[in-house]
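Here is the structure we will look at, set down as structure tokens.
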């Protein structure tokens, strides 16, 4: 049976590139039969990765069958995985997020969860000496994932090890990290073709806070004005998206990569109360700037309170 390798729903760069990278390793180094797949359309930066390194877009699946062999990467949260994930045969998890709980497996499995900024960094480590066998496209995919998850080392999740691995990959590829990151972030920032609902779901995860269910959405961009110019329509769409997705509220954080701050849209009193209690913010209008806030994993989710 072919082993499916996939990340989380609403695939970002790491959940697109890392499955491809690990499927290559399982096939070419370990002699297995693996296929990278996606749980949704890749975002603009992930699509850039595929185009830049001439990689075919993995097929998109909606669920997994009972007994399907799979490797889960870049998440361990059942809410971000296929509905039948506990019916599948999960054989390994490679991740850099906190443990959520709820996954069941058919037997003992390999689990690697490390406090690094990117799943691709962990994969390069797990490959050991075999990492030298990676073709340029695989090195390029890994580099793209690391620069994306670290926001070119600006994110507080960045470790010295993430930086060192990225710099080694860039040196092997003879790629300028500042130039390449600028190209990546330009692709990430071009959201003109997406509807408001698509933007709100593009890079989002569900969390419960104080008995309320939230879809926590993050848009990382070097051109925040292009998103904030749509503020009114985005806030209108939050009601529809929340109802369709079965959550109480959508939270949208527009992360300004270059100025290292986030703007949270504040459509109602619930979000106002959350912003004030979570971040000590003084909210006077329909948006609030949160200086230094760059990371959903390290700065947003841990602080959410009502």
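Just to be sure, is residue 99 touching a strand residue (DSSP E or B) at 6+ places or on another chain (Cβ under 8 Å) and either modelled with pLDDT under 95 or under 29 Å from residue 177 (Cβ atoms) (or both)? For residue 99, the condition - touching a strand residue (DSSP E or B) at 6+ places or on another chain (Cβ under 8 Å) and either modelled with pLDDT under 95 or under 29 Å from residue 177 (Cβ atoms) (or both) - is met.
Is it the case, given these coordinates, that residue 200 is in contact (Cβ under 8 Å) with a residue 24 or more places away in the chain, within 23 Å of residue 8 (Cα to Cα) and assigned to a helix (DSSP H, G or I)? So residue 200 passes the test.
A single member of 41, 28 is surrounded by fewer than 20 Cβ atoms within 10 Å (Cβ to Cβ), assigned to a helix (DSSP H, G or I) and either touching a strand residue (DSSP E or B) at 6+ places or on another chain (Cβ under 6 Å) or in the same structural domain as residue 85 (by TED's automatic domain parsing) (or both), and it is 28.
Looking at the stretch 66-108, which of its residues are closer than 23 Å to residue 204 by Cβ and part of a helix (DSSP H, G or I)? Passing the criteria: 78, 79, 80, 85, 86. Which one of 64, 90, 100 is free of Cβ contacts under 8 Å to residues at least 60 places away in the same chain, more than 14 Å from the chain's Cα centre (by Cα) and over 25 Å from residue 127 (Cα atoms)? Of 64, 90, 100, the one residue that is free of Cβ contacts under 8 Å to residues at least 60 places away in the same chain, more than 14 Å from the chain's Cα centre (by Cα) and over 25 Å from residue 127 (Cα atoms) is 100. Taken over the stretch 231-247, residues that are surrounded by fewer than 20 Cβ atoms within 10 Å (Cβ to Cβ) and not in a helix (DSSP H, G or I) amount to 1. Among the residues of the stretch 248-264, are any over 25 Å from residue 148 (Cβ atoms) and outside the structural domain of residue 183 (by TED's automatic domain parsing)? Looking for residues that are over 25 Å from residue 148 (Cβ atoms) and outside the structural domain of residue 183 (by TED's automatic domain parsing), one finds at least one in the stretch 248-264, hence yes.
Scanning the stretch 9-23 for residues that are modelled with pLDDT under 95 and either part of a helix (DSSP H, G or I) or touching a strand residue (DSSP E or B) at 6+ places or on another chain (Cβ under 8 Å) (or both) gives 10, 11. When residue 69 is tested against (1) more than 19 Å from residue 147 (Cα to Cα); (2) in contact (Cβ under 8 Å) with a residue 60 or more places away in the chain; (3) touching a helix residue (DSSP H, G or I) at 6+ places or on another chain (Cβ under 9 Å), exactly one condition is not met: (3). When the helices (runs of 4 or more DSSP H) confined to the stretch 134-190 are screened for residues that are free of Cβ contacts under 8 Å to residues at least 40 places away in the same chain and surrounded by 24 or more Cβ atoms within 10 Å (Cβ to Cβ), those reaching at least 3 such residues are found at 136-150. From the list 129, 125, the lone residue that is modelled with pLDDT of 95 or more, part of a helix (DSSP H, G or I) and farther than 30 Å from residue 185 by Cα is 129. Residue 1 meets the conditions (1) at pLDDT 95 or above; (2) part of a loop (DSSP other than H, G, I, E, B); (3) touching a strand residue (DSSP E or B) at 6+ places or on another chain (Cβ under 6 Å) in every case but one. The failed one is (1). Looking only at residues in the stretch 265-299 that are touching a strand residue (DSSP E or B) at 6+ places or on another chain (Cβ under 6 Å) and in a helix (DSSP H, G or I), the one that is nearest to residue 153 (Cα to Cα) is 296. For the stretch 276-287, the criterion of a residue being more than 30 Å from residue 181 (Cβ to Cβ), crowded, with 17+ Cβ neighbours inside 10 Å and touching a residue at least 40 places away in the same chain (Cβ under 8 Å) is satisfied by no position. Residues that are in contact with a helix residue (DSSP H, G or I) (Cβ under 7 Å, 6 or more places away or on another chain) and buried (at least 17 other Cβ atoms within 10 Å of the Cβ) were ranked within the stretch 288-304; the one that is nearest to residue 238 (Cα to Cα) is 288.
Condition test on residue 112, is it part of a loop (DSSP other than H, G, I, E, B), in contact with a strand residue (DSSP E or B) (Cβ under 6 Å, 6 or more places away or on another chain) and not assigned by TED's automatic domain parsing to the domain that holds residue 295? No, not satisfied.
The values are calculated or read from the model by the stated rules, or taken from the named source; none is laboratory data. No experiment lies behind these values; they were computed from the predicted model shown. Positions of Cβ are generated from backbone atoms using ideal geometry, with glycine treated the same way; all protein chains shown enter the neighbour counts.
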